[in-house]
Amino acid sequence: NLIKFHSVIKACQDSDFFLYFFNTFYLLRLILNSFSRFFSFNLLLNTMLSKQEHIQHWVTSAQEDWDTSQLLLTGKRYSFCLFAMHLVIEKLLKAIWVKESLSDNTPPFTLDLIRLVEECGLSLSPDDMDFLTIVNSWNIRGRYPDFTKTLHHIATESYIQRQKIKLEALKSWLEEKI
C-alpha cells in the first residue's frame, strides 16, 4: 500500500483539479481500507480468543520480555535491557486490564504505565508511582533518538541492578493481581 500511496501522491502533483480530487479520494480509500483491515483483524482476534487466552498472551509475552531483559543485562546491552523491563511491566498491566474488563479483551493502545495503572484501578504508593514514571522514561528514551544518549548515560550495570530490585518486587505484585 505504501507504493500505491506514493504513486497517488506523485499523480496528484502532476494533474489538474479533477484528477487531483479523484486521486485524493483514491488515497483516502486506500488509507481507510488499511485501517479497516487492521481493526477487522483485531476484532477477529478478540472474538476468537477467550478472556483467559488474552490474559495468558500478555503474561507469556511479559515473561519472554523478562527473559530477554536478563540476557541483555548479561550481554551488557543496558539501554535495551531497560527498554525490555518497561515492556514487562506494561504487558503485566495489560493482562490485569483484560482480567478486570467486563466487556473488552483489548487493552488501551498505550505504553504509558501510569495510565494503565489508573485504568486498572490499582492503588500504588506515591513511591511506586514515582518509580513507574522512571520506568516510563526507559520506554521513551529507548524509542526516540533524541533521548537515547541520555539513556545510554544512565544505563549502567549498577543502575540496572538497583532498579531491578524494585522492578522484581513490582513484577511479583502485579503477577499476584493476575
Hydrodynamic radius of the range 49-178 per Kirkwood, over alpha carbon pairs, in Å = 14.9
Per residue of the range 51-60, in order, report the coupling 6.51 cos²θ - 1.76 cosθ + 1.60 (Karplus, θ = phi - 60°) as ³J(HN,Hα) in whole Hz, putting x for Gly and Pro.
-> 4, 5, 5, 5, 4, 4, 4, 5, 5, 4
Using a basic spin-label model with each label point 7 Å from the Cα along Cα→Cβ, how many nm lie between LEU49 and ASP128?
-> 2.5
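Say the cut-off is 25 Å between C-alpha atoms; which of LYS99/LYS171; LYS51/LYS164; LYS76/LYS99; LYS51/LYS166 go over it? Can you show the working numbers first?
Details: LYS99/LYS171 16 Å; LYS51/LYS164 30 Å; LYS76/LYS99 35 Å; LYS51/LYS166 29 Å.
The answer is LYS51/LYS164; LYS76/LYS99; LYS51/LYS166.
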Within the range 99-124, which residues have the backbone N less than 20 Å from the label spot 7 Å out from THR60 along Cα→beta-carbon, could you tell me?
-> 99-100, 105-107
How large is ³J(HN,Hα), in whole Hz, for each residue of the range 62-78 in order, when computed from phi with the Karplus curve 6.51 cos²θ - 1.76 cosθ + 1.60 and θ = phi - 60°, using x for Gly and Pro?
-> 5, 5, 4, 5, 5, 4, 4, 4, 6, 5, 5, 5, 4, x, 6, 9, 5
Give me the number: length gained by fully extending SER137 to HIS153, i.e. 0.36 nm times residue separation minus the C-alpha to C-alpha distance, one decimal in nm.
-> 4.4 nm
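In square nanometres, what is the average projected area of the Cα convex hull of the range 76-143? Display every interim value, and only then the final one.
Numbers: hull surface 19.0 nm².
Reported value for the Cα convex hull: 4.8 nm².
Only the coordinates and a few stated rules stand behind these numbers; no lab work does. No experiment lies behind these values; they were computed from the predicted model shown. So basically every Cβ, Gly included, is an ideal-geometry build from the backbone, and we count neighbours across all protein chains shown.
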